[in-house]
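Novice: Below is one structure. I have some questions about it.
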Amino acid sequence: MDDNDMDEKIIETELMGDEPAEGGHDHSSCEVHGSCVEPYPEPVNKSGALRMSPTSLAWLGDVVYEMYVRKYVVDTGITHADRLHSEAVRFVKAESQAGIMKALLAAAESGEQGEMNPAASAEGLLCEDELALVRRARNKKNATRPKNADPMDYKWATAFEALLGYYYVTEQQRKLEDVILFALNYIESA
């Protein structure tokens, strides 16, 4: 080993610390890297998720819903970017999300399936804790005014996104996909 190789090894050891050879970083002392970030954090339990800020849940829910909508729109066979965008907007605009949330609540209360796919029925989907989260998210005071949406639609859309965010952080994949299927069916039938 020449001097350059030895210097590089010393610098690498000083920068990286003495990591275990097998199994990677053990996280017992994260002084080496400052704050240590888990690449895939543990799922949040339901009670912890219900204590999260509705704004945080809505922020996550917005991304999750957008991803499903984009996949749905791409699956229609549209290939032009402007048309993809126009079609996706139909599903994600506040007015649409507000309608989805209101229809979801109405279906959950009545237990009726209507014309929807039975797999996308809201019957029994929302429990009391989830209904409370929806109310809390809808009633949260907004710090900003929505640019292109009615303020009440914006509040209902936030409630919808918060519900999706809640399902996402608690890893309730089936419920998440049932609500998204309900949403897609609702918009397609509107």
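Derivation of every value follows stated rules applied to the coordinates shown; laboratory data play no part. Remember, predicted model here, so these are calculated numbers, not experimental data. Positions of Cβ are backbone-derived with ideal geometry, glycine not excepted, and every protein chain shown enters the neighbour counts.
Novice: For the pair Glu95 and Trp59, how long in nm is the line joining their label points, each one 7 Å along Cα→Cβ?
Specialist: Those two pseudo-labels are separated by 2.8 nm.
Novice: Straight distance only, please: which lysines reach the Cα of Lys71 with their own Cα at less than 29 Å, same-chain residues fewer than 8 apart left out?
Specialist: Lys46, Lys93, Lys102, Lys147, Lys155, Lys175
Novice: Follow-up question, since we're still on this one. For the range 149-190, state what percent of all Cα-Cα pairs lands in each successive 5 Å bin, counting from 0 Å until the bin that includes the largest distance.
Specialist: All Cα pairs, binned at 5 Å, distribute as 6, 22, 21, 25, 18, 7, 1 percent.
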